[in-house]
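The values are calculated or read from the model by the stated rules, or taken from the named source; none is laboratory data. Being a predicted model, the structure only gives us computed values, none of them experimental. All Cβ positions, glycine included, derive from the backbone under ideal geometry; neighbour counts span all protein chains shown. Ligands, DNA and RNA are stripped out before the accessible areas are found, and what is left, the full protein with its side chains, is counted by its heavy atoms. Shrake-Rupley method; radii C 1.70, N 1.55, O 1.52, S 1.80 Å.
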Amino acid sequence: MNKKVADLLNAQVNKEFYSAYLYLGISKYFTKQDLNGFASWYKVQAEEEQEHAMKIYTYLLEQDQDVTLSSIAAVEVDFKNALEAAKAADKHEHYITDEIVKIMDAAVKDKDYRTQLFLNWFINEQEEEENNSAEMIAKVQMLGNDKKNLYLLDKELGSRKG
Ligand SMILES: [Fe+2]
Ligand SMILES: [Fe+2]
């Protein structure tokens, strides 16, 4: 594997673990607000991000590459309200999409077809993630200002399993 592609994939392992850390931080924020459904939804998302990191980690090792496990950045979760938290998640997912595209660009440039196939999964996944985060913003905007509606939305979000 081309060094640039390997380095970008390696950096993405860290970014996916950071995503998990960010979602865990958002989950903690909602736990503190007594919105346990939101908290549970974001905790499930944090677990999914760890799976993303491990997918790339495993792929690199299978390709006989090394993986450096560098430190994960601290997370700021001092949100004013649910909408601000939902917007932070959405902004982060757009950033992650850009990063995945950069790796794809490098793999295309290097004619690394195996990595391109591997990354297709992530390209699709990012579409789902962006849809989810946009939907969350829309729901919070629609229902978040009314305590009773927020309670109902919290209940709905708590049913997410995976
Ligand atoms: Fe991810
Ligand atoms: Fe997802």
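A few comments on the model shown:
- Scan segment 25-44 for residues that are in a helix (DSSP H, G or I) and free of Cβ contacts under 8 Å to residues at least 40 places away in the same chain and the total you get is 5.
- Put simply, of V75, V140, V67 the only residue that is surrounded by 14 or more Cβ atoms within 10 Å (Cβ to Cβ), away from ligand 1 (no atom under 13 Å from the Cβ), hydrophobic (A, V, I, L, M, F, W, C) and part of a helix (DSSP H, G or I) is V140.
- Positions within segment 25-60 being of a type in the set (D, E), open to solvent by 50 Å² or more (accessible area, probe 1.4 Å) and within 13 Å of ligand 1 (Cβ to nearest atom), in sequence order: E47, E51
Matching residues to (1) in contact (Cβ under 8 Å) with a residue 60 or more places away in the chain; (2) closer than 16 Å to L24 by Cβ; (3) within 16 Å of the chain's Cα centre (by Cα):
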{"position": "A88", "(1), (2), (3)": "yes, yes, yes"}
{"position": "A106", "(1), (2), (3)": "yes, no, no"}
{"position": "F122", "(1), (2), (3)": "yes, no, yes"}
{"position": "E127", "(1), (2), (3)": "no, no, yes"}
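- T115 vs. criteria under 12 Å from the mean Cα position of the chain (by Cα) and either modelled with pLDDT of 95 or more or within 15 Å of ligand 2 (Cβ to nearest atom) (or both): no
- Residue within segment 14-24 that is open to solvent by less than 20 Å² (accessible area, probe 1.4 Å) and either under 26 Å from D112 (Cβ atoms) or without any contact (Cβ under 8 Å) to a residue 24 or more places away in the chain (or both) present: yes
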